[in-house]
Amino acid sequence: MQGRKDKEWRNPKRTDKIDVLYSYFNLFRFAFIYKVLFSCLLILLSIILAGCGAFNPPTDYYQKTLEMEESARKAYKESPSNRSGEALTTQTQESVKVIRQPSDEPPIVEVLTRSSKENIDEKPKFERYETQEQTQFQQIYQEPEIPSTLSAKISSDTETKSKLVTNEPISVSPEVIKNALEIAGINVRSVELVNGRTEGGKNSIRVNFICESAKLVNEKFFTICAVTYHLNKTSKTIDVVIGIAEDSQSNLLGALQSNMEDITAWMDNKITRAEWFSRIIRKML
């Protein structure tokens with residue numbers, strides 16, 4: 001019996017099956033080991049790449065530019081030379097630039113800033129021109145005699161006008177104007193104040209706003225003027241409202257300008273909306 005069992009054990013067919021099973025077992029074992037090693041390698045590579053910043057999103061340079069502009073604006077406001085109550089005439093003075101356009105439309109007067117050096121360079125030219133003009137007028141012009149009653153009336157009118165219009169700067173801050181316009185539904189890009197009364201001119205505000213289409217520019221400007229009217233109702237320190245319309249890609253759509261006198265007449269129902277619209281200085285592209 002023992003010899004029979006040994007014969008069966010040494011059967012070549014049975015040993016071949018055992019060898020095949022053992023080879024499959026080794027194959028699966030090596031495959032599992034390689035899989036574990038490959039997974040560990042992938043995890044290690046992902047950690048290294050994450051540390052090097054390969055998975056960081058691309059830099060938003062447009063947002064970076066906006067943040068730089070905002071920080072520069074804050075630094076400009078916080079600088080000692082630009083605090084409220086201090087004169088700005090030593091740094092900049094206002095000048096006027098007329099934008100040329102077709103003859104059927106009136107020109108748009110845009111208030112710009114000019115450096116003190118440019119004003120110093122041009123001052124002798126204006127002085128020479130004024131002296132020549134005065135000598136010419138003295139030669140050909142003699143002032144007529146004005147009756148005492150008429151002169152008294154003129155002086156009283158000038159006194160009342162000087163009381164109404166003072167040389168005060170704009171009392172409303174740009175942040176207040178911007179917040180009020182945004183509440184009214186205007187997408188405001190920037191608000192600039194130009195205190196022209198201190199230089200013998202007019203106080204004006206310039207609002208750069210984003211408009212979805214050119215057809216809505218007039219409606220948006222009407223809203224800007226209405227909000228400015230209510231903000232200026234008590235202080236009366238704003239004389240001119242300028243609106244610059246742009247699209248979302250910063251392309252200029254048009255520019256509009258209106259005096260506060262016309263805006264007040266329209267808001268007080270002294271003139272119609274069509275009459276006020278005819279008095280607006282417009283430049284549409």
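Values quoted throughout were computed directly from the atomic coordinates according to the rules given, and no laboratory measurement underlies them. What you are looking at is a predicted structure, and each value in this text was computed from that prediction instead of being measured. Cβ: placed from backbone, ideal geometry, glycine included. Neighbour counts: every protein chain shown.
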Subject >> Within-11-Å neighbourhood charge of SER248 [Cβ basis; K, R +1; D, E -1] >> reply: -2
Original post:
Of LYS74/LYS283; LYS220/LYS270; LYS215/LYS236; LYS74/LYS215, which sit over 26 Å apart, Cα to Cα?
Top reply: LYS74/LYS283; LYS215/LYS236; LYS74/LYS215
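Where Lys and Arg each count +1 and Asp and Glu each count -1, what net charge lies around ASN259 among other residues with Cβ under 12 Å from its Cβ?
My count for the surroundings of ASN259 gives -1.
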Subject >> Amide H within-cut-off set for LEU253, under 5 Å, with H built and near neighbours excluded >> reply: ALA245, GLU246, ASP247
Original post:
Roughly what would the spin-label model give for ASN26 and LEU44, points 7 Å off Cα along C-beta, in nm?
Top reply: 2.7 nm
Original post:
Amide H to amide H under 5 Å from ARG189: which residues, 5+ apart in sequence or cross-chain, H placed 1.01 Å off N in plane?
Top reply: ASN208, PHE209, ILE210
